1. Among the numbered criteria (1) surrounded by fewer than 17 Cβ atoms within 10 Å (Cβ to Cβ); (2) at pLDDT below 95; (3) under 13 Å from the mean Cα position of the chain (by Cα); (4) not hydroxyl-bearing (Ser, Thr, Tyr), which one does Val115 miss?
2. Just one of (1) surrounded by 14 or more Cβ atoms within 10 Å (Cβ to Cβ); (2) touching a strand residue (DSSP E or B) at 6+ places or on another chain (Cβ under 8 Å) trips up Ala75, so point out which.
3. Within the range 71-104, can you find the residues that are among the β-branched types (Val, Ile, Thr) and either free of Cβ contacts under 8 Å to residues at least 12 places away in the same chain or assigned to a loop (DSSP other than H, G, I, E, B) (or both)?
4. Is at least one residue of the range 32-40 in a strand (DSSP E or B), among the hydroxyl-bearing types (Ser, Thr, Tyr) and surrounded by 15 or more Cβ atoms within 10 Å (Cβ to Cβ)?
5. For Ala26, state whether it is surrounded by 12 or more Cβ atoms within 10 Å (Cβ to Cβ), small (Gly, Ala, Ser) and modelled with pLDDT of 95 or more.
6. Going through Ala71, Ala26 one at a time, which residue ends up being of a type outside the set (S, T, N, Q), out of contact with any Asp or Glu (no Cβ under 8 Å at 6 or more places or on another chain) and closer than 14 Å to Leu108 by Cβ?
7. Could we say that Asp52 is at pLDDT 95 or above, of a type in the set (Asp, Glu), surrounded by fewer than 14 Cβ atoms within 10 Å (Cβ to Cβ) and over 22 Å from Gly93 (Cα atoms) here?
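The values are calculated or read from the model by the stated rules, or taken from the named source; none is laboratory data. All values reported here derive from a predicted model rather than from experimental measurement. Quick reminder, even Gly has a Cβ in these numbers, built from the backbone with ideal geometry, and neighbours come from all protein chains shown.
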Amino acid sequence: MDPAKAADVTTQEYLHLADDCLARVARWLEAFDPDEVDYSTIDGMVSLEFPDGQRFLLNRQSGNHQIWFAAGVSAWHYDWAPVRETWLDDKDGSELHQRIAAAVAGKLGRAVVAV
């Protein structure tokens, strides 16, 4: 295992880190015009909703201590990386907040400031 990637965290630590991440994304989404992208939250999930009906989902996966992000037909799984203090893709190591910003920018057809 890459030492920069997920270390064993307790369930309590995981829930705290995941909830902080979800709240950060929700705060970021507040800056968007709701006619461009709207969002809703429920326990453990943020749903990004676009005018054409498409949704992107960001949610906790408590069983394996990950956060999952789905945008269109693509989905990614993220592990907490304590060395970098961020969530990294378990396949390519990309950072979650950058991926969300890139997916939203692609959907909107314009640049957006990262989460």
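1. Tallying (1) surrounded by fewer than 17 Cβ atoms within 10 Å (Cβ to Cβ); (2) at pLDDT below 95; (3) under 13 Å from the mean Cα position of the chain (by Cα); (4) not hydroxyl-bearing (Ser, Thr, Tyr), Val115 fails exactly one: (1).
2. Evaluating Ala75 over (1) surrounded by 14 or more Cβ atoms within 10 Å (Cβ to Cβ); (2) touching a strand residue (DSSP E or B) at 6+ places or on another chain (Cβ under 8 Å) leaves (1) as the failure.
3. Our first condition is that a residue be among the β-branched types (Val, Ile, Thr); within the range 71-104, this holds for 73, 83, 86, 100, 104.
Passing the criteria: Val73, Val83, Thr86.
4. Here is the first cut: in the range 32-40, the residues in a strand (DSSP E or B) are 38-40.
Restricting the remaining residues to those that are among the hydroxyl-bearing types (Ser, Thr, Tyr) gives 39-40.
In the following step, the residues that additionally are surrounded by 15 or more Cβ atoms within 10 Å (Cβ to Cβ) were identified as 39.
Within the range 32-40 (the criterion being in a strand (DSSP E or B), among the hydroxyl-bearing types (Ser, Thr, Tyr) and surrounded by 15 or more Cβ atoms within 10 Å (Cβ to Cβ)), the answer is yes, since at least one residue qualifies.
5. Numbers: surrounded by 12 or more Cβ atoms within 10 Å (Cβ to Cβ): yes; small (Gly, Ala, Ser): yes; modelled with pLDDT of 95 or more: yes.
For Ala26, the condition - surrounded by 12 or more Cβ atoms within 10 Å (Cβ to Cβ), small (Gly, Ala, Ser) and modelled with pLDDT of 95 or more - is met.
6. Working: Ala26 fails: closer than 14 Å to Leu108 by Cβ.
Answer to the check: Ala71.
7. On the way: at pLDDT 95 or above: yes; of a type in the set (Asp, Glu): yes; surrounded by fewer than 14 Cβ atoms within 10 Å (Cβ to Cβ): yes; over 22 Å from Gly93 (Cα atoms): yes.
Criteria met by Asp52.
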